[in-house]
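A short worksheet on the structure shown next.
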Amino acid sequence: HSKILGGNNYKFFTSCMSRSLEERVNLERDLHSALKNDELVLHYQPQIDSQTGHVFGAEALIRWEHPKRGLIPPNQFIPIAEETGLIIPIGEWVLRMACMQAEEWNRKYDHPVHIAVNLSIKQFVNNDIVKTVERTLHETGLDPEILELELTESIFLENTESMISTLNKLQKLGVRISIDDFGTGYSSLSYLKDLPIDSIKIDQSFIRDLCENKKTASIISAIITLAKNLDLKSVAEGVETPEQFNYFKMEGCDLVQGYYFSRPLPANQIEALLDRTEWGAGTMNNNFATVK
Ligand code: C2E
Ligand code: MG
Ligand code: MG
Ligand code: MG
């Protein structure tokens, strides 16, 4: 037994470790030049008003078009960007691209097309975030009310003076603040009454569990009711089936987002969906949900 664990297994283990370490080092090296090599792209996923069936806007989601590895999802490189500090220039790029795109859409369509942008905690605690947002709005000409900044709930664990002041300054600019992945952050709910928050996005894990677990349905209802009573918008993300869509529509969740409506797509492919006004459960037969 001990012979098995020694020798070969040990070598196998270390070679696996060093391979993933090597991969990580390579990714980090490549990420340094990704921005200037134009390898980063934004995809957009529509957010639909559950009651009217109209498109409310879209969430911008970053991807890395790696010349050798193909499309890399954010979960594989955003953590590296955060550790290396690259998240600051990358985040500024995301914000500028998303605002430019939204401004173009708002000129093109006669209904507002809102844009949601994810901010990492590293960007948020950076002193310049308020200035960066202000400058970006100014340079792109985007109406601040069109922009929503998504912050994961874990950020609110740090209920510090400087965080509260940053949120208040952002709100003064006229942008909206949304809590992403709500229900997973183990934070107290008291921040909901003290901070200038506009909407909450119910975490996908609840939606996935919705049909199997009655208790999950109760939690979701409670979150939607809580949002309503606090005058916050509620958003369901990760909606994949007509049953899930109907559930959120019935419960009065304001916005829905997920593969059932569309996967995140490049800007030119999402445009066909932005004009669409009928996102009803019965009208989804020739939908775009299967577009990869
Ligand atoms: P998130 O902000 O919670 O985004 C939702 C994620 O769920 C996205 O994954 C989206 O593609 C995926 N999704 C949407 N609908 C469905 C569905 O119906 N089913 C399933 N299974 N998944 C669905 P994605 O694009 O891989 O992004 C992952 C995370 O990476 C995001 O989670 C966000 O936290 C982060 N991220 C993405 N773009 C950026 C960015 O520009 N900046 C920062 N700081 N983080 C970003
Ligand atoms: Mg998000
Ligand atoms: Mg998230
Ligand atoms: Mg989320």
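Just so you know, all these numbers are worked out from the coordinates, no wet-lab data involved. Source: prediction; values computed, not measured. In this analysis, Cβ positions are derived from the backbone assuming ideal geometry, glycine residues included, and neighbour counts consider all displayed protein chains.
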Relative to the chain, whose Cα atoms define the longest principal axis, helix 161-173 and its Cα axis are tilted in degrees, nearest 10, by 50 degrees
Kindly flag which residue pairs out of LYS108/LYS233; LYS36/LYS201; LYS68/LYS122 have an alpha-carbon separation exceeding 30 Å in this structure.
-> LYS36/LYS201
Note to self: C-alpha centroids of the range 181-198 and the range 256-279 sit apart, in Å, by 29 Å
In terms of Cα to Cα distance under 19 Å, which aspartates and glutamates are near enough to LYS215, apart from those fewer than 8 places away along the same chain?
-> ASP181, ASP203, GLU237, GLU243, GLU251
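How many percent of DSSP beta bridges within the range 23-118 run antiparallel, rounded to 5?
On the way: 12 of 16 bridges.
So the antiparallel bridges amount to about 75 percent of the total.
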Could you name the aspartates and glutamates in cross-link range of LYS172, using Cα to Cα under 16 Å and dropping any fewer than eight places away on the same chain?
-> ASP128, GLU134, ASP143, GLU145, GLU148, ASP194, ASP198
Global form of the chain, assessed from the alpha-carbon gyration tensor, a/c cut-off 1.5 = rounded
Relative to the first principal axis of the alpha-carbon coordinates of the chain, what is the inclination of helix 214-229, with its axis defined by its Cα atoms, in degrees from 0 to 90 and to the nearest 10?
-> 60 degrees
For the chain, longest principal axis from Cα atoms; helix 87-108 axis from its Cα atoms; angle between them, nearest 10 degrees, is 30 degrees
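Stretch ASN229-GLN76 to full length: gain in nm at 0.36 nm per residue minus the Cα-Cα span? Kindly include the intermediate steps, with their values, before the conclusion.
Working: separation 153, 0.36 × 153 = 55.08 nm, distance 3.73 nm.
Gain in length upon complete extension: 51.3 nm.
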Starting from the range 207-275, pick out the GluC sites (Glu not before Pro) whose DSSP state is loop and whose Cβ has at most 11 other Cβ atoms within 10 Å.
-> GLU212
Computed [θ] at 222 nm, helices only, for the chain once each DSSP H run of length n ≥ 4 contributes -39500 (n - 2.57) | -14000 deg cm²/dmol
Label point at TRP93 placed 7 Å out along Cα→Cβ; residues across the range 23-39 whose backbone nitrogen lies under 19 Å = 24-39
In the chain, with Lys and Arg counted as +1 and Asp and Glu as -1 at Cβ, which of these residues, ALA272, MET250, LEU40, has the Cα nearest the positive end of the dipole, that is, farthest along it?
-> LEU40
Local charge sum around LEU86 (other residues, Cβ-Cβ under 13 Å, Lys/Arg +1, Asp/Glu -1)?
-> -3
